[in-house]
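Take a look at the structure set out below.
The values are calculated or read from the model by the stated rules, or taken from the named source; none is laboratory data. Since we're looking at a predicted model, the values are computed, not measured. Glycine also receives a Cβ, built like all others from the backbone with ideal geometry; neighbour counts cover every protein chain displayed. Calculation scope for accessible area: heavy atoms of the full protein, side chains included, ligands and nucleic acids excluded. Shrake-Rupley method; radii C 1.70, N 1.55, O 1.52, S 1.80 Å.
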Amino acid sequence: MKKYFSKTVEESLKNFDVTLKGLTSEKANEILDSVGENTLNEKKKKSILSVFLEQFKDLLVIILIAAAIISAMTGNIESTFVILAVITMNAILGTVQYVKAEQSLASLKALSAPNAKVIRNGVKIEIPSKTVVPGDILILEAGDLVVADGRILENFSLKVNESSLTGESESVDKFSDVIDKDEVALGDQKNMVFSSSLVTYGRATVLVTNTGMNTELGKIATLMEETQEKSTPLQISLDEFSKKLAFGIIGICVIVFGLSMYRGIDLLDSLMFAVALAVAAIPEALSSIVTIVLAIGTQSMAKENAIIKKLKAVEGLGCVSVICSDKTGTLTQNKMTVKKIFVDNKLIDSTKIDFKNSDSNFLLTSSVLCNDSTSKDGAEIGDPTEVALVNLGHKYSLNEIECRNNYPRLKEIPFDSDRKLMSTLHEINGKYIMVTKGALDVLLDRVTSIKTSAGVTNFTNNDKININNVNRELSSQGLRVLAFAYRELNENKELTLDDEYDYTFLGLISMIDPPREESKAAVSDCIKASIKPIMITGDHKITASAIAKEIGILQDGDLAVEGLELDKMSDDELNSKLKHISVYARVSPEHKIRIVKAWQNKGKIVAMTGDGVNDAPALKQADIGIAMGITGTEVSKDAASMILTDDNFATIVKSVTNGRNIYANIKNSIKFLLSGNTSGILAVLYSSIFALPVPFAAVHLLFINLLTDSLPAIAIGMEKSKKDVLKDKPRDAKESILTKDFIIDIFSQGLLIGIFTMISYHIGLATGSHGLAMTMAFSTLCLARLFHGFNCRGKKSIFALGVFNNKFSWIAFISGVVLVNAVLLIPALQGLFEITPLTSNELMLVHLFAFIPTLIIQTVKVVRDFIEENNEKNRNRDANDSTMRAA
Ligand code: ATP
């Protein structure tokens, strides 16, 4: 059978019984049902049962189960049963947490899955790439990811990067002609495209021949790596820390075990106690808490228009100190309206154009011919710059469709943001006219004549000065200026870049793209948060500077630099000016990489936006690559670690705020876990060192672990985002989470809870009952850790944070307190949990002792908040005073 590259376009279409109008939806669904989704096989997900069983893999848990079983054999059935029940509950909670985290990661992945443009029922639509089927007519444009294998039907200068398949890093030119051979290497199948390639230039219509595992990629891909992400840097460092801590805790447990044996306590009891202590004290939940808090955080970020593709980006967001943003569409609205045109040496308001004037007529006609967009009944399709031109035409009854039918496009060189030009060839009144539009500074040097009412005359230096002056005047009002020129060719020939010279200048069209309303506030938030906002744009320096000034990016003393100037700067010069440059204009994607690297060399964490096909390397180079959901190419989305579904700069700043908050939440959860564990260990160490009877039974430790390691820790991780974090400086990415202050907090708060636990214990011991002492110590520690959940909600006091602002922390607290009291008060549970019944006074006392550490911690926080607030007021007053004096 002939391979597709050796078949003609007609043969290929016939093979799938399809025309250029595409499949019908019904037919496509039928094919989808029979061939399956266009995805590669992934490693099978772990079943819930295997996740559950994995929870028992831990050596300590195995030892504990073994000890419990031996203990049952020696008669202590009840406590064995409870220990096994608590361990099982722990395993269930662990499983639920794992599954929840997996689900949120999967839903995030689905949000950022690529789309493809196909023709179905004769209409061009965008569909999820997994629903593309063999026989579909695929439309490829620069910036698209090729999502299936296919035979090229129509080719318009298509260039494709196939490096993921062939290893060849240069883009290859494609064509639609037949290759009359039996066997051709993949790289030479120039009339085919293959899944996973990137369209770097031009466009094409393609017949999909293979999807999913039947594609060339599917054939070479062994099972895809598991979709679950590798650990984030924070998780890796926490895992390392947990391992070290585990060694320390096991050391303590061995000592406790030795001391118990030395004091003649039964071997099995000593072993069970020591192991229970290890299980309760080793913070095995740290890494999973990080995943859960990150996953919860990313879900709420998705609701706020920021889709996180890589979990580690959330951590990175908290450290961002430079945000490099595109202008058009991100800082501005990307809603362009033509304001003024310059033609026949006159600057004319867009509402006062004389369409009968042949020069104006030619300029407007050219502007809809050299244009891929349409606008009908308010539905605007295409690039907003071009839509603005179409809308201008409508004002003068110039219909773009009719005009394009009258003067069909014969050839074209598409726009690309490196070249900043677009050219199309038309037959107009029997002549072959190439119309070009683009950036004035690029076009002007290629102009040799000018068309005015005086006819076509030589382009003089005076003309050049005059046009440049007009351009400066328009740009300084923040207007985007497009220049138009044309050239007569002798024949209908393939256009090349060499044709884009020797032009006749036609005119200028300038348009306004107002800043987004929220940009100004977002820029000021950035500056408050010690983050430098930088505008990087392909637009003109004067236009960019005017907009940057308006929204506050370009301030007094700041610099605006053009791509050409940047080229001339040495690395040293760039380094010395870097901090002051706030606007980069007329840049190409390569400049973006240089800017990112320069900031990174200064140790800064850089977020960078990008939308074009050539932006991918810069997005990858940046610490946080941000793609545009609406206007961005699939290639840029693929390279980014975050996608903005509203293309809005303010969303980046919101994401940084969220990133900082999520990190703070993780830190607070960890503080809660570690300080609580510290209190338990200190209590046990104290009793061991002073040769006192053990303060807890093994089952007590496991119960505390069950109650406090999951819900309250997660509730802290769900603390709402606060704008307050913008007052702080960005976090140093290299800084360990375990800073000195953090460790001091953990230890001092753990000690405080430990002290009150021991006071309770001694009161119980004073009655002469070891059972009562254990019950009092256990209940005090358990309740104190539940109260402590409120202390760990944030740096500030609970009143400043809002007492009822985190409903999850109340749910965790109340359900915990109810459970502890159930164990203390219900006779059936008392027996199971080795509880000695408490009198009502004793019950009150344990609640009081459990509350006192929180009372002390909150009092300290209230005082600290008060002092800080006063200091800030003073600082603000001083700042105001000095501004007044300066004024
Ligand atoms: P950003 O601020 O996001 O970098 P930009 O739209 O300003 O985006 P480009 O799209 O790269 O940057 O455009 C660069 C220049 O190319 C514009 O200033 C304009 O002069 C010209 N240009 C833009 N769109 C077109 C187009 N469709 N056809 C021809 N020239 C264009």
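Loop-located chymotrypsin sites (Phe, Trp or Tyr not before Pro) in the range 486-593 (DSSP state other than H, G, I, E, B) with a sparse environment of at most 12 neighbouring Cβ atoms within 10 Å: 501. Once Rh is set to the Kirkwood radius over Cα pairs, what Stokes-Einstein translational diffusion coefficient, in µm²/s, holds for the range 170-325 at a temperature of 10 °C and a viscosity of 1.306 mPa s? Once the numbers are plugged in, D ends up at 72 µm²/s. Backbone phi angles across the range 333-348, fed through the Karplus curve with coefficients 6.51, -1.76 and 1.60 (θ = phi - 60°), yield HN-Hα couplings of 7, 6, 10, 9, 9, 5, 10, 9, 10, 10, 8, 6, 6, 10, 8, 10 Hz in residue order; Gly and Pro are listed as x. Residue 457 contributes about 60 Å² of solvent-accessible surface, heavy atoms of the protein only, 1.4 Å probe. Cross-link partners for residue 637 among the aspartates and glutamates, with Cα-Cα distance under 13 Å and sequence neighbours closer than 8 places in the same chain left out: 144, 611, 615, 647.
Please figure out what share of the DSSP beta bridges in the chain is antiparallel and state it in percent, rounded to the nearest 5.
Details: 79 of 106 bridges.
Roughly 75 percent of the DSSP beta bridges within the chain come out antiparallel.
Shown here for the range 379-480: GluC sites (Glu not before Pro) in loop regions (DSSP other than H, G, I, E, B) with at most 14 other Cβ atoms within 10 Å, of which there are none. Distance from the C-alpha centroid of the range 160-177 to that of the range 1-31: 23 Å, rounded to the whole angstrom. Within the straight-line cut-off of under 16 Å between alpha carbons, the lysines reachable from residue 14 are 2, 3, 27, sequence neighbours fewer than 8 places apart in one chain being disregarded.
What the Cα convex hull of the range 405-523 gives, in volume per residue, is 147 Å³.
Cβ-Cβ distance of residue 349 and residue 556, R₀ of 41 Å, FRET efficiency by 1/(1 + (r/R0)^6): the value works out to about 0.80. For the set 541/568; 340/451; 159/437; 532/861; 420/520, the pairs lying more than 20 angstrom apart at their alpha carbons are 159/437; 532/861; 420/520. If each of residue 56 and residue 254 carries a label point 7 Å out from its Cα toward its Cβ, how far apart are those two points in nm? With each label placed 7 Å out from Cα toward Cβ, I get 2.8 nm. Here the Karplus curve 6.51 cos²θ - 1.76 cosθ + 1.60, taken at θ = phi - 60°, turns the phi angles of the range 592-606 into couplings of 4, 5, 5, 5, 4, 4, 4, 5, 5, 5, 8, x, 8, 9, 10 Hz, with x standing for Gly and Pro. Remark: the range 414-422, residue by residue, has Karplus-estimated 3J(HN,Hα) of x, 5, 9, 6, 6, 7, 6, 9, 9 Hz, where x stands for each Gly or Pro and the curve is 6.51 cos²θ - 1.76 cosθ + 1.60 at θ = phi - 60°.
Summed over qualifying helices (DSSP H, 4 residues or more, each -39500 (n - 2.57)) and divided by its residue number, the chain shows a 222 nm mean residue ellipticity of -16500 deg cm²/dmol. Structural size metrics of the chain, computed from C-alpha coordinates, are Rg and Dmax of 34.5, 115 Å. Shown is the FRET efficiency for residue 35 and residue 851, computed with R0 = 51 Å from the Cβ-Cβ distance and rounded to the nearest 0.05: 0.20. Taking 0.36 nm per residue of separation and subtracting the Cα-Cα distance, full extension of the segment from residue 240 to residue 78 would add 54.6 nm. Overall, the anisotropy analysis places the range 563-621 in the oblate class: the square-rooted eigenvalues a ≥ b ≥ c of its C-alpha gyration tensor yield a/c not less than 1.5, with a/b not exceeding b/c.
Under a point-charge model restricted to the Cβ atoms of Lys and Arg (+1) and Asp and Glu (-1), what is the dipole moment magnitude of the range 337-512 relative to its Cα centre, in debye to the nearest 20? Before the final figure, lay out the partial values.
Values: 21 positive and 26 negative charges, 106 e Å.
Magnitude of the dipole: close to 520 debye.
Magnitude of the charge dipole for the range 58-192, about its Cα centre and with charges confined to Cβ atoms of Lys, Arg (+1) and Asp, Glu (-1), is about 640 debye. Within the range 151-211, the trypsin sites (Lys or Arg not before Pro) that combine a DSSP coil assignment with at most 16 other C-beta atoms in a 10 angstrom radius are 181. To the nearest ten degrees, helix 541-551 and the longest principal axis of the Cα atoms of the chain are 40 degrees apart. Near the amide H of residue 432, within less than 5 Å, lie the amide hydrogens of 489, all on another chain or at least 5 residues away, with H placed in the peptide plane. Using heavy atoms of the protein chains and a probe of 1.4 Å, the accessible area assigned to residue 865 is about 20 Å².
Placing unit charges on each Cβ (+1 for Lys and Arg, -1 for Asp and Glu) gives the chain a dipole about its Cα centre, and among 746, 28, 212 the Cα reaching farthest toward its positive end belongs to 746.
Net charge within 14 Å of residue 181 by Cβ-Cβ distance, Lys/Arg positive one each and Asp/Glu negative one each, not counting residue 181 itself?
Working: positive: 2, 3, 7, 190; negative: 177, 180, 182, 183, 188.
Local net charge: -1.
For the chain, averaging the sequence separation of C-alpha pairs within contact (under 8 Å, six or more residues apart) and dividing by the residue count gives a relative contact order of 12 percent. Placing pseudo-labels 7 Å out from each Cα toward the beta carbon at residue 247 and residue 14 gives an inter-label distance of 7.4 nm. Within straight-line reach of residue 45, meaning a Cα separation under 20 Å, sit the following lysines at least 8 residues removed in sequence or on another chain: 57, 100, 109, 130, 230, 309, 310.
Could you work out the relative contact order of the range 337-512? I mean the mean sequence separation of Cα pairs under 8 Å and 6+ apart, divided by the number of residues, in percent. With pairs under 8 Å counted, the relative contact order is 26 percent. The overall shape of the range 272-372, judged from the alpha-carbon gyration tensor, is prolate: a/c is not under 1.5, and a/b is greater than b/c. Expressed as a whole number of Å, what is the distance separating the alpha-carbon centroids of the range 722-781 and the range 245-306? First find each Cα centre; the distance between them is then 15 Å.
Comparing 783, 755, 767 along the charge dipole axis of the range 726-806, the residue lying farthest to the positive side is 783, per the Cβ-charge model. Note on exposure: 558, 567 ranked by accessible area (1.4 Å probe, complete protein assembly) read 567, 558, with the most exposed listed first. Modelled this way, with points 7 Å down the Cα-to-C-beta line, the labels at residue 377 and residue 124 are 1.9 nm from one another.
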